[in-house]
Each structure stands twice: as C-alpha cells, then as structure tokens.
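Trainee: Right, I'll just put the structure down here and ask away after.
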Amino acid sequence: MPTVARHVSSRLEVEVRAQADLIFSVAVSADYPELEESLTFRVGGIELEPEEVVAPSGSRLHRLRETPVGTLVVDYRADVLAAAPEPPMLGIDEILYTRPSRYCDSDRLANLSGTHFAGLTGQELVASVREWVHSKIGYRPGSSRSIDGALDTYLTRNGVCRDFSHLVVAFLRGLNLPARFVSVYAPGLRPMDFHAVSEVYVDGAWQLLDATGLAPRETMVRICTGRDASDTAFMTTLGGRTRLASMRVDASIDGDLPEDDGLRPVELR
C-alpha cells in the first residue's frame with residue numbers, strides 16, 4: 001500500500017469546431033479518501049460547469065453539454081495523500097467482467113487461452129498470462145489502430161498499453177476469471193501519458209497487472225474502471241466536431257519510485 005503522497009495532473013486543449021457534447025475522464029477515482037484537487041473547463045476565458053457522474057466503481061465522468069465553438073482548455077491536478085480502500089467485488093462485477101466486450105473479445109480467444117495456460121490456476125495462472133503478454137507482444141507506439149481488439153493484438157504481436165491490457169483481460173476472461181480494464185496516472189512512466197492496466201479478481205482481491213512493465217504498479221492512481229477502453233477513454237465526443245490539439249500528463253511521488261518485478265501481487269490503491 002502506498003505510504004507517500006502522489007501528485008498528478010493533466011491539461012488538454014481541444015478545438016471545438018461545432019457545438020459539442022463532451023465527456024472527460026481525467027479526475028481520479030472517487031474512492032480516494034484524502035484528496036486535494038482542482039478541475040476547470042474554459043473556453044475563451046469563460047469557465048464552464050460540468051455535470052459529474054460517479055459510477056458504482058468510483059469512476060468520475062465529467063460531461064459538458066453544448067460546449068461552444070472555440071478552444072476548450074481542460075486543467076486537472078490532484079494531490080493523492082492516502083491510499084484508497086480495497087476495491088470490493090460488487091454483485092454485478094462477476095458477471096460484467098467475465099463476459100466478452102467490444103475490445104476484450106474473450107469469446108474469440110477462449111480456445112487459445114485454454115491452450116496457452118492449460119492446467120494453471122490462481123496466482124500461477126495470473127503470472128503466466130502477464131508474462132506471456134509481456135514477452136510476446138512488442139510495445140510499439142503507433143502500431144495499432146483505435147478499433148483493434150485483443151485478437152488483433154494477438155495476431156499482430158504489436159501494440160501500446162491499451163492493447164496489452166485488452167489482451168491480458170481477454171485471456172483471463174477466456175479462462176472464466178473476472179478481469180477489467182483500468183486507466184491510471186502512472187508515476188515513472190516514460191514517455192508520460194495516461195496509462196492502461198488490468199485488474200483480475202483472484203484469491204479474494206482485485207490484483208493489478210501491467211504487462212508493459214513500464215511503471216511501478218504500487219504508486220499508480222486509479223482514474224476510471226471499465227470493461228475495456230470504450231468505458232475509460234479520457235475524452236469522448238458524443239455530438240459536434242472536435243480535435244484534440246494538445247495534451248500534457250504528469251505524475252510523480254514524494255521520494256524514490258519503488259522497484260517492481262511485475263509479478264508479485266499488488267492492489268491498485
């Protein structure tokens with residue numbers, strides 16, 4: 001469990017070319033008990049008031065309806081001063097996160113999951129899935145499309161963090177383990193960006209997996225939790241026309257980053 005303060009921020013500049021209905025997922029989870037934060041939305045110096053929607057998982061979505069034409073600047077920063085409580089297994093979770101989803105097409109990978117990980121259970125199975133994806137998939141920015149799912153990543157053997165996470169989740173669901181996709185702020189990540197990781201419910205707890213191995217898991221900060229990237233996108237345009245002009249993300253901790261072998265059980269707290 002993290003014992004040091006974590007500091008996160010993001011700034012987005014969005015060109016709104018026609019009045020738009022926008023949803024942002026940049027604020028950290030509502031589950032963090034000691035949080036000092038600010039979130040502003042401005043167009044042409046005028047501050048806009050969003051609607052906040054909190055999901056059962058603690059994910060916080062901020063919606064701007066009828067966003068006017070102009071440059072929308074989204075500024076978020078937070079000091080996370082304490083760990084979140086252990087995430088529960090809700091009644092719906094076991095169903096929702098074991099079913100196939102848009103990008104985690106576990107039904108198409110179930111036979112492969114059974115072949116690659118035959119006879120494994122529990123922590124041994126979880127570690128083997130993480131190591132298979134870590135060693136077999138190449139991390140190559142720009143190598144995947146926004147429409148690619150887990151099977152596409154399996155076939156091309158290339159991807160970015162969202163693709164690694166989708167494949168981990170799909171393998172685990174294909175073996176009937178509840179698994180979900182999580183967006184996080186990740187101190188130590190290079191280059192710095194929003195990061196995607198996975199959680200699997202095993203041995204009575206949600207365990208954090210990051211098959212990229214690009215940042216220590218212990219200091220990550222949860223933003224949004226969902227079935228796959230379609231639930232956790234940092235920005236969604238429901239109506240109108242927009243273009244993301246620039247984005248800056250930062251995440252740090254007080255003190256030195258911990259070592260992480262990627263395999264020992266860690267919870268996202």
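Trainee: Testing T219 on (1) within 23 Å of L112 (Cβ to Cβ); (2) surrounded by 18 or more Cβ atoms within 10 Å (Cβ to Cβ), one condition comes back false. Which one is that?
Mentor: With respect to (1) within 23 Å of L112 (Cβ to Cβ); (2) surrounded by 18 or more Cβ atoms within 10 Å (Cβ to Cβ), T219 is out only on (1).
Trainee: So, in region 127-137, exactly how many residues are farther than 18 Å from L175 by Cα and surrounded by 11 or more Cβ atoms within 10 Å (Cβ to Cβ)? Full working, then the answer.
Mentor: Taking region 127-137 and keeping what is farther than 18 Å from L175 by Cα, we get 134-137.
Narrowing the set further to residues that are surrounded by 11 or more Cβ atoms within 10 Å (Cβ to Cβ) leaves 134, 136-137.
The qualifying residues number 3.
Trainee: Could you say which residue among S144, S135 is farther than 30 Å from G240 by Cα and either in contact with a helix residue (DSSP H, G or I) (Cβ under 6 Å, 6 or more places away or on another chain) or not aliphatic (A, V, I, L, M) (or both)? Before the answer, list the steps.
Mentor: On the way: S144 fails: farther than 30 Å from G240 by Cα.
Within the list S144, S135, the selection yields S135.
Trainee: For the condition at pLDDT 95 or above and either under 30 Å from D79 (Cβ atoms) or touching a Gly at 6+ places or on another chain (Cβ under 9 Å) (or both), what is the one hit in G149, G174? Give the steps one after another, and end with the answer.
Mentor: Numbers: G149 fails: either under 30 Å from D79 (Cβ atoms) or touching a Gly at 6+ places or on another chain (Cβ under 9 Å) (or both).
Checking each option against the conditions leaves just G174.
Trainee: Another question, if that's okay. Out of region 96-112, which residues are in contact with a helix residue (DSSP H, G or I) (Cβ under 6 Å, 6 or more places away or on another chain), more than 20 Å from W206 (Cα to Cα) and outside any loop (DSSP other than H, G, I, E, B)? Full working, then the answer.
Mentor: Here is the first cut: in region 96-112, the residues in contact with a helix residue (DSSP H, G or I) (Cβ under 6 Å, 6 or more places away or on another chain) are 98, 100, 102-106, 108-110.
Keeping just the survivors that are more than 20 Å from W206 (Cα to Cα) gives 102-103, 105, 108-110.
Across region 96-112, the qualifying residues are R108, L109, A110.
Trainee: I've got another one for you. Residues of region 56-71 being within 19 Å of the chain's Cα centre (by Cα) and surrounded by 15 or more Cβ atoms within 10 Å (Cβ to Cβ), which ones? Talk me through it step by step, then tell me what you get.
Mentor: Going residue by residue through region 56-71, those that are within 19 Å of the chain's Cα centre (by Cα) are 56-63.
Residues satisfying the conditions are S57, G58, S59, R60, L61, H62, R63.
Trainee: Could you list, in sequence order, all residues of region 69-95 that are of a type in the set (D, E, K, R) and out of contact with any Ser or Thr (no Cβ under 7 Å at 6 or more places or on another chain)?
Mentor: Narrowing region 69-95 to residues of a type in the set (D, E, K, R): 75, 77, 79, 86, 93-94.
Of everything in region 69-95, those that are of a type in the set (D, E, K, R) and out of contact with any Ser or Thr (no Cβ under 7 Å at 6 or more places or on another chain) turn out to be D79, E86, D93, E94.
Trainee: Exactly one of these conditions fails for T236: (1) assigned to a loop (DSSP other than H, G, I, E, B); (2) surrounded by fewer than 18 Cβ atoms within 10 Å (Cβ to Cβ); (3) among the β-branched types (V, I, T). Give me its number.
Mentor: If we test T236 against (1) assigned to a loop (DSSP other than H, G, I, E, B); (2) surrounded by fewer than 18 Cβ atoms within 10 Å (Cβ to Cβ); (3) among the β-branched types (V, I, T), just (1) comes out false.
Trainee: Would you pick out the residues in region 24-46 that are among the charged types (D, E, K, R) and at pLDDT below 95? Lay out the reasoning, then the answer.
Mentor: Applying the first criterion (among the charged types (D, E, K, R)) to region 24-46 yields 31, 34, 36-37, 42.
Hit for region 24-46 is E34, nothing else.
Trainee: Please find, within region 245-256, the residue that is farthest from L214 (Cα to Cα) out of those that are modelled with pLDDT of 95 or more and not acidic (D, E).
Mentor: Here the residue is A245.
The values are calculated or read from the model by the stated rules, or taken from the named source; none is laboratory data. Keep in mind that this is a model prediction, so the values were computed, not measured. Positions of Cβ are generated from backbone atoms using ideal geometry, with glycine treated the same way; all protein chains shown enter the neighbour counts.
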